[in-house]
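Structure record follows, encoded as structure tokens.
The values are calculated or read from the model by the stated rules, or taken from the named source; none is laboratory data. Since this is a predicted model, take the numbers as computed values, not measurements. Positions of Cβ are backbone-derived with ideal geometry, glycine not excepted, and every protein chain shown enters the neighbour counts.
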Amino acid sequence: VTQWFEQLGAVPGVVWERRVEPEPRFVGAHLVPQARPYLDGPQVRWVDVRGRPLADEWTYRDSPVQLLLEGFYEAEVTRQLALVLQALEAPGMASDYAEALGRAQEVAQTLADFGLLELILHAHVALVLVDPEAAAGGHERLDYVAGPFVALLNLYQREGFLLEAVKVEALLDRLPAGAQPRYLSEPGPGQMVEALRELA
Amino acid sequence: VTPGRRLLETSADQWVALHRSRWPDDLSGYEVALGRLLARVMAGEAVVTLCDGRRGSEGPVRVQLCGLDPADRKEFSRLPVPEVEDDRGPAGALDLAAIRLPEILRQEPRWSISAAGFRNYAEFDSLDAVICQRLLAPILGDLAYVLRLRAGDGPKTKKGRLVRMERCREAHAALGFGADPLTVLLNPDLSADAVVAARAALVGSWAECPVDLGERALALLCGRLAKAYYSKARKDGTVEAARVLTSDSAGLLEATLGDWPTLVTYLGEVQAIADAEPIDTPQVKLPPDPPPEIDERVLVLREWWEMYDARHAAQHAGMEALSDLVPTRWDYSLPNENEGQRRRGLDRRAIDPDLIARIEALWGWQVLDRQPDTLVCDLRPLGVLAELLEPAAVFWNELALTAWFLCFGPYSRRTLDQLEGHQAEVRRELAELGAPIEPAIYEELMALAVEHVFLVEQASFSLGISIGIGFDGEGQPTVESNVPEPEQRSHPAVFDALRDIITKHRRTWLEQELPRLLDRLWRRDLEAAAEAYWRRYRGRGKAPTVKQALPDVQAAARRWFGADHGGLARFLGLDGPITGSPVMSPRALPHDLAELQHEVAQRLTAEAPTPDGGVDRSYNLERLALQARTVLTVWQATGAVPPRSGVFGTGLRWTVEQTLGCDLDDGYRLLLAAVRDALERRGHPAAASMVVE
């Protein structure tokens, strides 16, 4: 059975403090093998604490995290924030949290809440570093996982926080070959540190 | 030593004293007004507010200054405000992040640069916006540069950064602010908390501004202007306005002393002869009849229109759509696309070989900016022709193609009733060119829509998909899916009726308006060339060199004189080196360039080390191989290949890395080797020159 977690904060190596109470209907939800697996269809399914399925049979997007995110794009931004924060407290797989964190990033940017954005990006980076492929949801989607690294690096560099940006830049080396970012703005923080030394 | 030269030798903190003795008395109120406004901005007051502009939330923002005293506003009203010519109005980049930094930093000390946002796009059609653009942004932008520097924004070279940082220090000194916070912020080893503290100290120091802030601010701007002036001035201190006034310095002049003579007086210099006693240049008067060069081209244009008219008049159900019949300025297709399903290149195929040969002879020439004395091949004469067919061909094409696609699908961009509104702009252009369109055509076309409502119904883009799941003989599940084709449209009779209405109107227009339009086109181009040339001539006080004059005459020469700017200049009665004609290059290009280019692409495919051969990759390789033309055109002009940067610019870095697996320099060597091989197979003499210097 695929690895799953009670909430984002339960992923080893990820720091995330609970900001909202978990949604009661998903407390105790867990993964079980699919009773009647069908061809390439899902081999596992999510059930609630009593073992009742959370969604229709053969549905791919049936984790509590994904179910909580269902109305995301139709919601107002404050409701979007509530939805993503609740999704991060619900059971799910690494790729579920990666998706929720990606949407949380959008919300924090829309709200111009850069402190929250920093926390979200840190959690996302840590989640990817634990297991890039699991966060990507498959080897073929690896090229998505560098996104939070680049966003965090840019956030720090924009403010001139070069020491912090350099640390994020160094973390990129820990990503596997297929996960390197396609585009990094130049000059990067390392180059800027050198440039400032030259000017001083 | 003149006061202007003294200003250059004085350190920026002393500028204000010198400035005070030179600034015109009648502008002292302006200085006071600027001082008051700047002091409020620096103190972090919410002076600038933003709201949606005339194009709503998607367009440029509207900037407003709050609490501006009416008397101060009157002082600022000497600044010229651009007029709104159409519903778009002037707009551009405005460094609102710098202007609002003191305000935003007080609300959001840690993430102030992110909160201030990036450069903003603003409307420039109000006094408030012009005050921001001409006065606040240049001053605050220089003060805040050190923060941009830490972020890696601005110049990318050491020299560029040193210059900008010097301006930043100068701005602090001229305005009476200390430089200590700047030094702290240049330390690369600061933690985030230390950066936040240093930034707050810097911006906080701006709030303690001196009482003569307005004078100091204008001393700073005049100091910048003086530097621009003396960077071009002769030893005797004279320089022509046209040599100094770029778009930047002209804006600075407007915001400070207002006009050129006042600036020269401020600096204590005398005007250059060309400005003091402007040269008289002749009024350009074109003769009633065109010269033979233009006659020949007008004749070809008429023949093209005859071809266009005949093709559209004969169009009926079952024929190839005429969407590519009108050539475009740029060719977006790639050579390998001919192997695809869609047959392209109708713009060329439709033209009679004799006419194509004449088009190539008349428009197949150009001179390169850096080699204006050598005529070389223009590899896409149809692109020049396209310039001369606009806007009329755009108008008639939209009508004819809308009729076609509405009747035969797959879909039309517009329905019949949307055409009149959509074409208003192009009709206005045609009317200005003296070839108006009779609007009755829309009424006649719409009369058909009464009976055939599909002409005014937006076709739906939705696709259906059906999936069937069953079990085969062995009990294994089977899945079938089916995407239905969009509904086929076919209305031959309606098309014929629409076509006949359009043909009738087009023929009347071609007969009555086309001759006038063609006459206006060459006159417009030649007059514009002569006017631009003489303006430059007057600004310099003497004849410009060929390279200097080329931008003024190049377009007209390419369209009407086969790129012979000398022939054009002599016809216009211009005076100076531009009247010499360029000479035909002695070097000839290979005749089968398209084939050569394809061979280059194949060779690159074989050379490229990346093993996967997806669609994207072959597309990218064809795109890179397209640059063989640039290489050979430059070779034709100079006998050597261009530098790498002229062919593979940094914009292609990612493409080159992904498709060729190497950096730009090595990628360029690969390209040259591939071109050389292709040339060698042809025994072409250019092969020997295909090496990087």
Inset, instruction - Say whether the condition of being of a type in the set (F, W, Y) and either in contact with an Asp or Glu (Cβ under 7 Å, 6 or more places away or on another chain) or closer than 27 Å to A:V193 by Cα (or both) is met by at least one residue in segment B:120-142. - result: no
Inset, instruction - Go through segment A:133-160 and give me each residue that's crowded, with 20+ Cβ neighbours inside 10 Å, outside any helix (DSSP H, G or I) and either more than 14 Å from every other protein chain (Cβ to nearest Cβ) or of a type in the set (D, E) (or both). - result: A:V145, A:A146
Inset, instruction - Tell me, please, whether a residue that is within 14 Å of chain B (Cβ to nearest Cβ) and touching a Phe, Trp or Tyr at 6+ places or on another chain (Cβ under 6 Å) can be found in segment A:97-116. - result: yes
Legend entry - Selected residue [among the hydrophobic types (A, V, I, L, M, F, W, C) and surrounded by fewer than 15 Cβ atoms within 10 Å (Cβ to Cβ)] from B:V47, B:V61, B:V41, B:V84: B:V84
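Before we move on, is B:G152 over 24 Å from the mean Cα position of the chain (by Cα), at positive phi and surrounded by 19 or more Cβ atoms within 10 Å (Cβ to Cβ)?
yes
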Inset, instruction - Quick one: B:L589 ticks every box in (1) closer than 25 Å to B:R329 by Cα; (2) outside any loop (DSSP other than H, G, I, E, B) except a single one, so which number is it? - result: (2)
Inset, instruction - Return only the number of the condition from (1) modelled with pLDDT of 95 or more; (2) part of a helix (DSSP H, G or I) that B:G562 does not satisfy. - result: (2)
Legend entry - Looking only at segment A:186-200, and only at residues there that are outside any helix (DSSP H, G or I) and not charged (D, E, K, R), the one that is farthest from the other protein chains (Cβ to nearest Cβ): A:G188
Legend entry - Enumeration of residues in segment B:580-608 that are within 30 Å of B:P544 (Cα to Cα) and among the polar types (S, T, N, Q): B:S581, B:S585
Inset, instruction - Having 3 or more residues that are more than 14 Å from chain A (Cβ to nearest Cβ) is the bar; report the helices (runs of 4 or more DSSP H) wholly within segment B:97-192 that clear it. - result: B:127-131, B:137-143, B:158-175
Inset, instruction - Could you run through segment B:67-96 and say how many residues are farther than 17 Å from B:V47 by Cα, in a helix (DSSP H, G or I) and either touching a His at 6+ places or on another chain (Cβ under 9 Å) or among the acidic types (D, E) (or both)? - result: 1
Inset, instruction - Go through B:V634, B:V675, B:V656 for me and flag whichever is at pLDDT below 90, β-branched (V, I, T) and assigned to a helix (DSSP H, G or I). - result: B:V656
Inset, instruction - Could you list, in sequence order, all residues of segment A:161-185 that are of a type in the set (A, V, I, L, M, F, W, C), assigned to a helix (DSSP H, G or I) and within 14 Å of chain B (Cβ to nearest Cβ)? - result: A:L162, A:L163, A:A165, A:V166, A:V168, A:A177
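With respect to B:D347, is the statement that it is charged (D, E, K, R) and at pLDDT below 90 true?
Values: charged (D, E, K, R): yes; at pLDDT below 90: yes.
Here the answer is yes, as B:D347 does meet what is asked.
Here's the yes/no breakdown for (1) in contact with a strand residue (DSSP E or B) (Cβ under 8 Å, 6 or more places away or on another chain); (2) closer than 23 Å to B:S581 by Cα; (3) surrounded by fewer than 18 Cβ atoms within 10 Å (Cβ to Cβ); (4) free of Cβ contacts under 8 Å to residues at least 40 places away in the same chain:
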{"residue": "B:W363", "(1), (2), (3), (4)": "no, yes, no, no"}
{"residue": "B:E387", "(1), (2), (3), (4)": "no, no, yes, no"}
{"residue": "B:L401", "(1), (2), (3), (4)": "no, no, no, no"}
{"residue": "B:R414", "(1), (2), (3), (4)": "no, no, yes, yes"}
{"residue": "B:H422", "(1), (2), (3), (4)": "no, no, yes, yes"}
{"residue": "B:P439", "(1), (2), (3), (4)": "no, no, yes, yes"}
{"residue": "B:A449", "(1), (2), (3), (4)": "no, no, no, yes"}
